[in-house]
Structure formats: C-alpha cells, structure tokens
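Notes follow the structure.
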Amino acid sequence: MAPLVHGFDPPERFVAGTVGPPGQRTFFLQARSGARVVSVALEKQQVQALAERIDELLDEVMASGTNEGVIPAVAPLGLDDSAPLEQPIEEEFRAGTMTLSWDPDDERVVIEVFPFTEAAVVTPDQVDEDFEEPEPDEVFLVRLDAGPARAFAKRAEQVIEAGRPSCPFCGNPVDPEGHLCVRANGFRRRDP
C-alpha cells in the first residue's frame, strides 16, 4: 500500500516552532497551504540538524555553480517569519528518519520526514546485520525554493537558541533555579 503523502510543493509557510516553556518544549515542523496545515513533532536535535544541513546543502549547490537560479547566501529579509505556529496544533506523527536533497530540475530543496517506528531502531549488536527499514505509512514532503529554505534555517536556529542557556563549563542546559555541574565540582551555581 502506498504511503499517505502530506505534500507541499511549495508551501505558503514552512517553519519550525515550539510549544511550552524552555526545558519542556515540544518542537514541531509545520507547513501550510491555504487552510491545510500539517504539523509533525520532532526532537530539538532533529530541528538543529535539519537547519544546519539545509544551509550546508545550499552552500554546496552555490559552490558547484551548476544552478541557473540565484541562491541567497543568507535568508532574504522579506522572508523573515517570527509568527507563532498555526493553531490548533494537531500532530500528524512524531518524526523519525528525515532526508534532504536538492532537485536540480526544479532548483528546490526537498525535505522528507518519515514517522518514528520502533521497528526502525537498530541496537548496537544489530549494526552488522542486514537491515531493511519498514515501509512508512505516511510521509511529510516539503519542496522549497532556496530563499524560503534559508529563511526556514534561520528561524529554526532562533527557535533553538530561545531555549535554556547553556552552562559555560559542561554545556548542559541551565534551569532558572540553576543546575548541578559536574565540571564545577558538582556545586550548583547561583546568581548573586
């Protein structure tokens, strides 16, 4: 059976956003075209990796000189999007595997997000075994021009940075009431 495709080619809006206070945030990818909105939950690290890889991919395409269109080096100012996620947020699925590619024919970034499944988890003792990933039931497919892709990456980085500050010693997040830092002899740092 063919998977259900939540496709946006291109979306009117494609953003990363969060719900909840820092330290308890749930991250989402959200695409909208007209009244149709699709939201997919994912981990903070997945948002960060996707934003970094989009910028790297566009930089690689720019350096190759094979594209005919103009790829902006940074997010165009007119594409900034600081609005909150569309409400109500109805999670289609939790993200597992994601793929990212460049379509040279349409000159677009192609993002595919597949649902997380326990069957796709490989344990360390299974690494050398032949593994066939199960066919997904659905896929979130977004195709973006270079400018909106850069704008997505910029917003995603801002969303990530809006969380808890990092400890200067261990790099772990610091809660408002402080945190136990093993690099600072396990003592909780307090503001004066």
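Remarks
- Taken over segment 32-71, the residue count meeting the criterion of being part of a loop (DSSP other than H, G, I, E, B) and at negative phi is 8.
- When residues in segment 152-162 are screened for being assigned to a helix (DSSP H, G or I) and out of contact with any helix residue (DSSP H, G or I) (no Cβ under 6 Å at 6 or more places or on another chain), 6 of them pass.
- Scanning segment 140-159 for residues that are farther than 30 Å from residue 3 by Cα and crowded, with 17+ Cβ neighbours inside 10 Å turns up 154, 157, 159.
- Residues being under 13 Å from residue 143 (Cα atoms) and assigned to a strand (DSSP E or B) - total across segment 1-14: 6
- Residue among 112, 135 that is modelled with pLDDT under 95 and out of contact with any helix residue (DSSP H, G or I) (no Cβ under 9 Å at 6 or more places or on another chain): 135
- For segment 18-27, filtering for residues that are surrounded by fewer than 23 Cβ atoms within 10 Å (Cβ to Cβ) and outside any loop (DSSP other than H, G, I, E, B) leaves 3.
- In segment 163-192, of all residues being part of a loop (DSSP other than H, G, I, E, B) and at positive phi, the one that is modelled with the lowest pLDDT corresponds to 186.
- Of the residues 15, 40, the single one that is within 19 Å of residue 80 (Cβ to Cβ) and buried (at least 18 other Cβ atoms within 10 Å of the Cβ) is 15.
- Selection from segment 18-37 of residues that are touching a Lys or Arg at 6+ places or on another chain (Cβ under 8 Å) and either touching a residue at least 60 places away in the same chain (Cβ under 8 Å) or closer than 11 Å to residue 159 by Cβ (or both): 18, 19, 22, 23, 25, 27, 31
- Among the residues of segment 92-121, those that are surrounded by 15 or more Cβ atoms within 10 Å (Cβ to Cβ) and among the acidic types (Asp, Glu) comprise 92, 107, 112.
The values are calculated or read from the model by the stated rules, or taken from the named source; none is laboratory data. Remember, predicted model here, so these are calculated numbers, not experimental data. Using ideal geometry, Cβ is built from the backbone for each residue, glycine included, and neighbour counts are taken over all protein chains shown.
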